[in-house]
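Okay, so here's the structure we're looking at.
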Amino acid sequence: MSTEKEIGVLAKELKANLKQFPNFPSEGILFEDFLPIFAKPELFQKLVDAFKLHVGDAKVDYVVGLESRGFLFGPTLALALNAGFVPIRKPGKLPGPTFQVEFQKEYGSDKFEIQQDTLPAGSKILVVDDILATGGSAFAAGELVKKSGAEVVEYLFVMELDFLKGRDKLGAPVFTLLSGQDEKFKD
Ligand SMILES: O=P(O)(O)OC[C@H]1O[C@H](OP(=O)(O)OP(=O)(O)O)[C@H](O)[C@@H]1O
Ligand SMILES: Nc1ncnc2[nH]cnc12
Ligand SMILES: [Mg+2]
């Protein structure tokens, strides 16, 4: 079986385990909940296996995960890839000197921080998160990686809200494991 087919088989099973919540956290949002994947070890393993298959032999020094939901699988994927894990957190959570970037999201604005001197200059980074919506969070993460002097080789997401065209904001390749919402939710 080709790698793409193998990933496709894993993705189909994972997709069947997502849950949708209309109008959460606010009116007009169809919330995609991927937490059921983590409740079953065999599904969590498949999630990590699928991303690992996609990454293949690419050189990766660090997986950078976005608080909060990028923390649910980022460290596990990093370990599977024999890479380090570095968190990007909401403001005021990380000790020592940090870089900070403000950004807009699908529902509101926010800030992200990374600790300075954690990503060596020139290191190869995978940025991971659960969902690519407007791309505001991922774009900010890319800016923080850049400020650190490192390089985003790829952005990895579990799902994408295609209609928001977040991937157009990002200056590196984007991989989404599961197909997402291709049009805006209407009741
Ligand atoms: O592409 P964007 O428009 O930036 O939106 C995507 C982000 O929004 C959600 O995070 P959120 O900060 O809402 O919550 P979390 O702390 O549960 O991850 C989601 O987990 C992504 O990180
Ligand atoms: N529709 C959505 N579902 C889950 N998480 C999200 N983050 C931003 N938009 C989202
Ligand atoms: Mg998030």
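The values are calculated or read from the model by the stated rules, or taken from the named source; none is laboratory data. What you see is a predicted model; the values in this text were computed from it and never measured. With ideal geometry, Cβ positions are generated from the backbone for all residues, glycine too; neighbour counts draw on all protein chains shown.
Computed quantities for the displayed model
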| item | result |
| --- | --- |
| Residue ID - surrounded by the fewest Cβ atoms within 10 Å (Cβ to Cβ), chosen from residues in the stretch 57-69 that are in contact (Cβ under 8 Å) with a residue 60 or more places away in the chain and more than 17 Å from Q115 (Cα to Cα) | K59 |
| Selected residue (criterion: farthest from ligand 3 (Cβ to nearest atom)) from residues of the stretch 132-173 that are in a strand (DSSP E or B) and farther than 23 Å from L35 by Cβ | E151 |
| Filter result (modelled with pLDDT under 95 and either in a strand (DSSP E or B) or surrounded by fewer than 17 Cβ atoms within 10 Å (Cβ to Cβ) (or both)) within the stretch 174-187 | S179, Q181, D182, E183, K184, F185, K186, D187 |
| Strands (runs of 3 or more DSSP E) contained entirely in the stretch 1-77, each with at least 2 residues that are within 16 Å of ligand 1 (Cβ to nearest atom), closer than 25 Å to P91 by Cβ and touching a Pro at 6+ places or on another chain (Cβ under 8 Å) | 62-66 |
| Candidates L72, L53, L119, L77, filtered to the one that is within 16 Å of ligand 2 (Cβ to nearest atom), aliphatic (A, V, I, L, M) and touching a residue at least 40 places away in the same chain (Cβ under 8 Å) | L72 |
| The stretch 1-50, residues that are free of Cβ contacts under 8 Å to residues at least 12 places away in the same chain and not aliphatic (A, V, I, L, M) | S2, E4, K5, G8, K12, F24, E27, F31, P41, E42, Q45 |
